[in-house]
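Accompanying notes for the structure given below.
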Amino acid sequence: MEQRRGRVAVIGAGIGGLAAALDLAARGLEVVVLERAAAPGGKMREVAVGSGDARLDAGPTVFTMRWVFEELFDAAGASLSDHLTLHPAAILARHAWPDGSRLDLFADVQRSTEAIGAFAGAAEARGFRTFCDRARRVYRALEGPFIRASRPTPFSLAAAAGPSGLAGLMGASPFTTLWRALGEHFRDPRLRQLFGRYATYCGSSPFLAPATLMLVAHVEQEGVWLVEGGMHRLARAVEALAGQRGAVFRYESEAAEILVENGRAAGVALANGERVAADAVVVNADAAALAAGLFGPAARNAAPPAERRDRSLSAVTWAMLAEAEGFPLLRHTVFFSDDYAAEFDDLFSRGRLPAAPTTYICAQDRGAATADGDDPAPPGGGPERLLCLVNAPATGDTNPPSPAEIERCETATFRLMENCGLFLRRREAVRTGPAEFERLFPATGGALYGRASHGWAASFARPGARTALPGLYLAGGSAHPGAGVPMAALSGRLTASSIAADLTKATTRASTARSRATATLGGIWTR
């Protein structure tokens, strides 16, 4: 294989791989992205529903941490606002319970405080204020030494914080579960449900995840945006800019094996037999795929094996065209089950679909709500695009839910929404469950967030950008700093920085080694 110095092969065009490709191309490296699907996005995928041209997001639906993408585009000499149109969401989400109660959470903390006071009383409103203050402190304590750091450990985290910052780290409550910490702020079980749901943003249980995940509340209060054209538009925008900077994208090109020469990654063999030479290889797939040998035996030990018990949640989703009646849907609406503890016991202890699943709906034809919270259905009276999601265990490769179990889950899901007042008529839907997610993202069982964040040490167990095989790197939600669109993009940027630094060192060593030893006056020897 003929190699050229500074060529990087990126396997996978998820947001982590896209961010890495853009950063590397902007640095002047030769980049080729190999993606087995026909389009970019990975989990940020788009599906077609019905006989018409309706397409809708079937993955992430929330855009937060805008600064991550502003910095990504700025580093490439571009402006995010020139490539993507974003609209701020005044209401983060509408929440409903079978007893008929509803609560809107706002981007503005004062409005949320007033809404919670009207919903559950003045004491709960005060508890919300102290919760927000705590969430802000947690985020500020972790952004620099953890979120932005390349491969933090408990020791490096403490060292980066310094003596003055240790109190802030301990205030992040890493040894307390999120559910227990919420009990320090809220007595109303519905509010503990609402804010405990933040654990599911990284595929975890609020009864097992650390209280540090309350930082999600601060992230949302910093801004939630609606992406004009849908979240898949973000993937397209990063792809387009990376292409302008010289990256080459090859779709329907499945990587079969990572090639190794002289003890380091040297390229990729495709399923069609073609060999793509490279100085560095980025795997933008779940780290479990490496350990499972899906990229060949030489790379099998590059990442630690993933235990099935450590997997995050999967999901059952319905990408639908439907007519919504009886309930005032917003862009983001959550319908809570009556028994949250039983729901997560089903998911993580029993490994089965919940008997009464909490349900999330993204109404993708509805925009930013008006000041009074009104967000009517699109005019015309026809069906609208809806993504409905319930959590599921990541058993798609070992014991996937049977068709009968999926049907029972669907019945329970739509019954819950009807009990809350929502009726969906004339449905056309594309359904995806753990088995289908396993086929889309092999070796995961359908887990959508890498490793679950259970226990204080889980976040440190995620692999970093560099692997045990020189020249092979990881990017994406299964690597540090974790799951979610902005975190996966940060992972890609950390990977690009690691590759650039390593290639520079390798070039320097090679250049130095090729120089002859020379004697100079004074008896000083140089290479």
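The values are calculated or read from the model by the stated rules, or taken from the named source; none is laboratory data. As the structure is a computational prediction, the values presented were derived from the model and not from experiment. Cβ atoms come from the backbone with ideal geometry, glycine included; neighbour counts cover every protein chain shown.
Out of Glu222, Glu184, Glu228, report the one residue that is among the charged types (D, E, K, R) and either in contact with a strand residue (DSSP E or B) (Cβ under 7 Å, 6 or more places away or on another chain) or surrounded by 21 or more Cβ atoms within 10 Å (Cβ to Cβ) (or both).
Working: Glu222 fails: either in contact with a strand residue (DSSP E or B) (Cβ under 7 Å, 6 or more places away or on another chain) or surrounded by 21 or more Cβ atoms within 10 Å (Cβ to Cβ) (or both); Glu184 fails: either in contact with a strand residue (DSSP E or B) (Cβ under 7 Å, 6 or more places away or on another chain) or surrounded by 21 or more Cβ atoms within 10 Å (Cβ to Cβ) (or both).
It is Glu228.
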Completion exercise
Every listed condition ((1) exposed (fewer than 13 other Cβ atoms within 10 Å of the Cβ); (2) more than 20 Å from Asp345 (Cβ to Cβ)) holds for Thr398 save (2)
Exercise for the section: Could you list all residues from segment 262-271 that are part of a strand (DSSP E or B) and in contact (Cβ under 8 Å) with a residue 40 or more places away in the chain? Expected result: Arg264, Ala265, Ala266, Gly267, Val268, Leu270
Exercise for the section: List every residue pair whose Cβ atoms lie under 6 Å apart, where the two residues are 6 or more positions apart in sequence or sit on different chains, the first residue falls within segment 272-297 and is on the phi > 0 side of the Ramachandran plot, and the second residue, located anywhere, is surrounded by 24 or more Cβ atoms within 10 Å (Cβ to Cβ). Expected result: Gly296/Ile258
Problem - Of the criteria (1) out of contact with any Phe, Trp or Tyr (no Cβ under 7 Å at 6 or more places or on another chain); (2) outside the structural domain of Arg36 (by TED's automatic domain parsing); (3) surrounded by fewer than 24 Cβ atoms within 10 Å (Cβ to Cβ); (4) not polar (S, T, N, Q), which one Phe335 fails - result: (3)
Exercise for the section: State all residues of segment 22-36 that are surrounded by fewer than 22 Cβ atoms within 10 Å (Cβ to Cβ) and outside any strand (DSSP E or B); if no residue qualifies, say none. Expected result: Arg27, Gly28, Arg36
Fill in the blank from the handout: All-but-one check, Gly100 against (1) out of contact with any strand residue (DSSP E or B) (no Cβ under 9 Å at 6 or more places or on another chain); (2) under 28 Å from Gln244 (Cα atoms); (3) of a type in the set (Gly, Ala, Ser), failing number (2)
Exercise for the section: Please indicate, with yes or no, whether at least one residue in segment 40-47 is in a strand (DSSP E or B), within 22 Å of Ser314 (Cα to Cα), of a type in the set (A, V, I, L, M, F, W, C) and touching a Phe, Trp or Tyr at 6+ places or on another chain (Cβ under 9 Å). Expected result: no
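If we only count helices (runs of 4 or more DSSP H) wholly inside segment 395-495, which ones have 2 or more residues that are closer than 27 Å to Phe327 by Cα and not charged (D, E, K, R)?
Details: elements: 403-419, 434-440, 458-461.
Output list reads 403-419.
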Exercise for the section: For Arg300, state whether it is without any contact (Cβ under 8 Å) to a residue 60 or more places away in the chain and either in the same structural domain as Ala48 (by TED's automatic domain parsing) or surrounded by 23 or more Cβ atoms within 10 Å (Cβ to Cβ) (or both). Expected result: yes
